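One structure is given below, encoded as structure tokens.
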Amino acid sequence: MMRTCLILMFLMCSAVISLGQDTTHYVRIGNLSKEAAVGMVPEGDSTFIILLNSGSEDESLSSNFHLLRISEGGNVLEAHSYGTNAVDRAIDFFVTQETIIVCGLTNGHNNALYEAFIYFIDRNDHSISKEYYFNIDEQWTMASALTVDGDSVIVIIETIGEEKEVELIHFDLQGTFISKSLNPLLQGFKAYAITPRVVGSKGFLVVASRIGDSLDAHVLYLDKNFDVEWDASFSLSGDEEFFEAVEVSDSSIIAVGYSNSFFGTDEDILIVQFDSLGMPLDTLLQGYDVTVNNKDDRATSITTRNDSLFLTGYTSTYGEGGVECFTTVLSPSLGLTNFSTTFGTQDNEWSEKIQLHKSGAVGIGQTQHQAQGSQDLLFWYREHFTNNMVETVITSEYYFPESTQVGIEAVNAQTELRNSADLSELSRVKIFDLNGKVILEVDGSQWLEERSTLKGGMYMALGYDRNERPVMAQKVLIVP
């Protein structure tokens, strides 16, 4: 039997000072562009590999993705940049012992289309060992999710837009292409995650949404042959979406996301439990009626340890002056084991992913705190989950990529990108080759004249203002 609970105190604002309190270390990790967190994988017991996007789609010459290696304190130990001569946005990744596999979308391979890309990146020398680009029927296409199961790499690619077509791409761990297949039962879905099942039946769970009269949230089970065995959905009058799902020891599946079908159009935190065959067991909704200052709240990520459920996301309803992150611990039956706690600043913060770490957890997201009007990566570390009071310790970390790898072997001279960067208003400009070596350093007023001395190809530019502060970093394409 399904029940709906309206938990009026699901979130509890954090205190700044308290005896015996937990501590959340909040690290703002910034570059000179707009950063957005994608994913995080632990490496050993004290370091993490983080994937993030830098730039934005409308900044077509400065949109790369970066791979960072950081300590549990948020110190950047390594930083490497990847992309093409145009827009590059990573969406998912997986780390093996030898390789980091990244997928997303780019228009640097075919500037008439956004295409799905899959890169196999060597962990030893940080180079791109294999690269693939796909589109479906010459439509804009992206790679939306990937996973590894044994020696198989499975990638979901889908068209961009409401009428979605979906294909599954199969590689081995060395990056050798094996097959591409279209499953009619996956058509129309937007995928957020694919993971191997770990309890009970073998196969894969796909977390997705589908557009009907509104958005509907789905969890699908694919068998080992990638056939859809069942499709569990949550659909009400408004929009519902799931972003992640986990299994617990009794084979039940818990999915998290949001719903805006209750109390107006605002988003409320949605948690749904299904049995191993996709039948709904329970529903937990954090929502409010119209008599309170209700705003958008989402659960974005979930993980589990000993069947306890650890969630993160963001809240505007309880945000102190804006949007804040939250963490929550639930029992397997969706009971609240301790109050949720929020953390953040007077600016906006979003928590997107959570991983258990030692006796606490780490997570990543975005922050606008002291980001010069833009956005930086947020890395947070919660030491314990022992009581209801949390202190937040805020630090900052700056990074500049040590190397840049271009995913296309030869820059396409036929590209429409010409005179790709106007740097003449800057006080000083440094131009780096893709190995990170400075090959040109001039006053901004000399840029138009001096750039003719560069060979055609891709470069990175770092610009300084008159106070010698770095204020701009972007790709520069020189077309002879």
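The values are calculated or read from the model by the stated rules, or taken from the named source; none is laboratory data. Keep in mind that what you see is a predicted model, and the values were worked out from it rather than measured. Note that we place each Cβ from the backbone using ideal geometry, even for glycine, and neighbour counts take in every protein chain shown. SASA here: full protein model, heavy atoms, side chains in, ligands and nucleic acids out. Shrake-Rupley method; radii C 1.70, N 1.55, O 1.52, S 1.80 Å.
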* Every residue from the range 247-261 that is among the hydrophobic types (A, V, I, L, M, F, W, C) and surrounded by fewer than 20 Cβ atoms within 10 Å (Cβ to Cβ) -> V248
* To do: Considering only residues that are open to solvent by less than 20 Å² (accessible area, probe 1.4 Å) and charged (D, E, K, R), look in the range 22-54 and name the one that is nearest to the chain's Cα centre (by Cα).
  => E35
* Wholly within the range 122-166, strands (runs of 3 or more DSSP E) carrying at least 1 residues that are among the aliphatic types (A, V, I, L, M) and modelled with pLDDT of 95 or more -> 141-149, 152-159
* Residue match in the range 313-327 (condition: open to solvent by less than 40 Å² (accessible area, probe 1.4 Å), assigned to a strand (DSSP E or B), more than 20 Å from F243 (Cα to Cα) and touching a residue at least 24 places away in the same chain (Cβ under 8 Å)) -> no
* Any chance the range 223-238 includes a residue that's in a strand (DSSP E or B), under 23 Å from G39 (Cβ atoms) and at pLDDT 90 or above? -> no
* So which of D282, D223, D268 ends up being without any contact (Cβ under 8 Å) to a residue 60 or more places away in the chain and open to solvent by 10 Å² or more (accessible area, probe 1.4 Å)? -> D223
* Are any of the residues in the range 157-165 basic (K, R) and in contact with a Gly (Cβ under 6 Å, 6 or more places away or on another chain)? -> yes
* Odd one out for D125, checked against (1) in contact (Cβ under 8 Å) with a residue 12 or more places away in the chain; (2) charged (D, E, K, R); (3) surrounded by fewer than 16 Cβ atoms within 10 Å (Cβ to Cβ) -> (1)
* **Residue check for T303: at pLDDT 95 or above, in a strand (DSSP E or B) and open to solvent by 20 Å² or more (accessible area, probe 1.4 Å)** => yes
* **Selection within the range 136-181 - buried (at least 18 other Cβ atoms within 10 Å of the Cβ), under 22 Å from the mean Cα position of the chain (by Cα) and closer than 18 Å to H109 by Cα** => T141, M142, A143, S144, I157, E158, T159
* Kindly check whether there is at least one residue in the range 411-429 that is part of a strand (DSSP E or B), modelled with pLDDT of 75 or more and not polar (S, T, N, Q). => yes
* Residue check, G175 against (1) more than 22 Å from T96 (Cβ to Cβ); (2) at pLDDT 95 or above, all met but one. Which one? -> (1)
* To do: Six or more apart or on different chains, Cβ under 9 Å: which pairs go from a residue in the range 180-194 that's part of a helix (DSSP H, G or I) to one that's aromatic (F, W, Y)? Could you list them?
  => L186/F226
* Which members of the range 72-98 meet the condition of being open to solvent by 20 Å² or more (accessible area, probe 1.4 Å) and assigned to a strand (DSSP E or B)? -> V76, L77, E78, R89, I91, D92, F94, V95
* **L185 being open to solvent by less than 50 Å² (accessible area, probe 1.4 Å) and aliphatic (A, V, I, L, M)** => no
* Please indicate, with yes or no, whether at least one residue in the range 368-377 is at pLDDT 95 or above, under 20 Å from V256 (Cα atoms) and in contact with a Leu (Cβ under 6 Å, 6 or more places away or on another chain). => no
